[in-house]
Amino acid sequence: MKKKIYMLILTLMVIFGAEIKTAYGQTLDHSYYLYHKDFYVIDLGNNNYKYAIQDSTGFSLYNLDATPYLLNVIPPIPLVVSPSYYQVSYISSTLFDCDSSNIEYILTSSVARSNFYIYRTDGTLLFERDSVSGSYAFGMFDGSVVFQPIMNTPSGTKLFLQDNKWGGIIDSEYVYSLCGTLSIVTSIMNPSNKGGFVQIFPNPTDGIINFQINPPNNHEQFQLIIYDSSFQQVEKTNINGTNYQLDLKQKSLAPGTYLYSLKSDKSIFQTGKFIITK
């Protein structure tokens, strides 16, 4: 009997020992300083994965072993240009240009009447359209709709752009065919910074910022929550209409990057960011 108990204890020690070893099997590869920066994983195409880091001036790419791949890509137009804050998205070598030896990217903004650009990293402009932004929808009309600016279809990869008038009125939808195929990582981790429920302007701003809100449905109570760059909550308000104004001077908010979240008790429907200037 004692032998059986001993064997049981020994077996449990081996089992739990193996589990503990597995649980502590993580190793730190490297770290990045990301104050006022965005970090994400991209696939340039054909499983060519990179780390992308973007700040208010441009972006850099790193190999997965942390060695530099492409540093300090500065777009031909400033990313921070009132009233828009342009976002780099869909960085790829196979999506926009049929020549896979180049790397291209989109510049777009969630602010109405901003322009839409596709550039190579060498500064060559491949595409431009005025006063449009990438189409984006999630859960529209209480349905399970997920629609992004670029999507793979049986007829090839498509780019979807829409006129985005002041007041949230969509005038037209434009559909373009692209050369390449959208990778899963690009479609999930690196979407255009365009939401279907919240428009903010001006961005950047030094005074009053306007939140133009298209509620996801009419039966939930929604809240707009604002955080600073340290993810400390600085503002929380119930949304009872379609417009909300935040007076930055009245709130005494310091210059920097801020995050917002539109949420209900059940879900987070949209997140984004804005910049306060001096």
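The values are calculated or read from the model by the stated rules, or taken from the named source; none is laboratory data. Computed from a prediction, not measured in an experiment: that's the story for all the values here. Here the Cβ positions follow ideal geometry from the backbone for every residue, glycine too, while neighbour counts run over all protein chains shown. Areas reflect the complete protein model, heavy atoms only, side chains present, ligands, DNA and RNA absent. Shrake-Rupley method; radii C 1.70, N 1.55, O 1.52, S 1.80 Å.
Can you grab the distance from the C-alpha centre of the range 237-274 to the C-alpha centre of the range 58-78, Å, no decimals?
When both Cα centres are located, 30 Å separates them.
Calculate what fraction, in whole %, of the accessible area of the range 234-278 sits on carbon and sulfur atoms when a 1.4 Å probe is rolled over the protein chains.
About 44 percent, which is the carbon plus sulfur part of the accessible surface.
What's the local net charge at Asp228, with K and R +1, D and E -1, over the other residues with C-beta under 14 Å away?
Surrounding charge for Asp228 is +2.
Is there a pair in Lys50/Lys158; Lys50/Lys263; Lys251/Lys273; Lys249/Lys273 whose C-alpha atoms are over 25 Å apart, and which pairs would that be?
With Cα atoms farther than 25 Å apart: Lys50/Lys263.
At a probe radius of 1.4 Å, what is the per-residue accessible area of Val41, in Å² to the nearest 10?
Using a 1.4 Å probe on the heavy atoms, I get roughly 40 Å².
Keeping all protein chains in position, work out how much accessible area Lys37 exposes to a 1.4 Å probe, and write it in Å² to the nearest 10.
80 Å²
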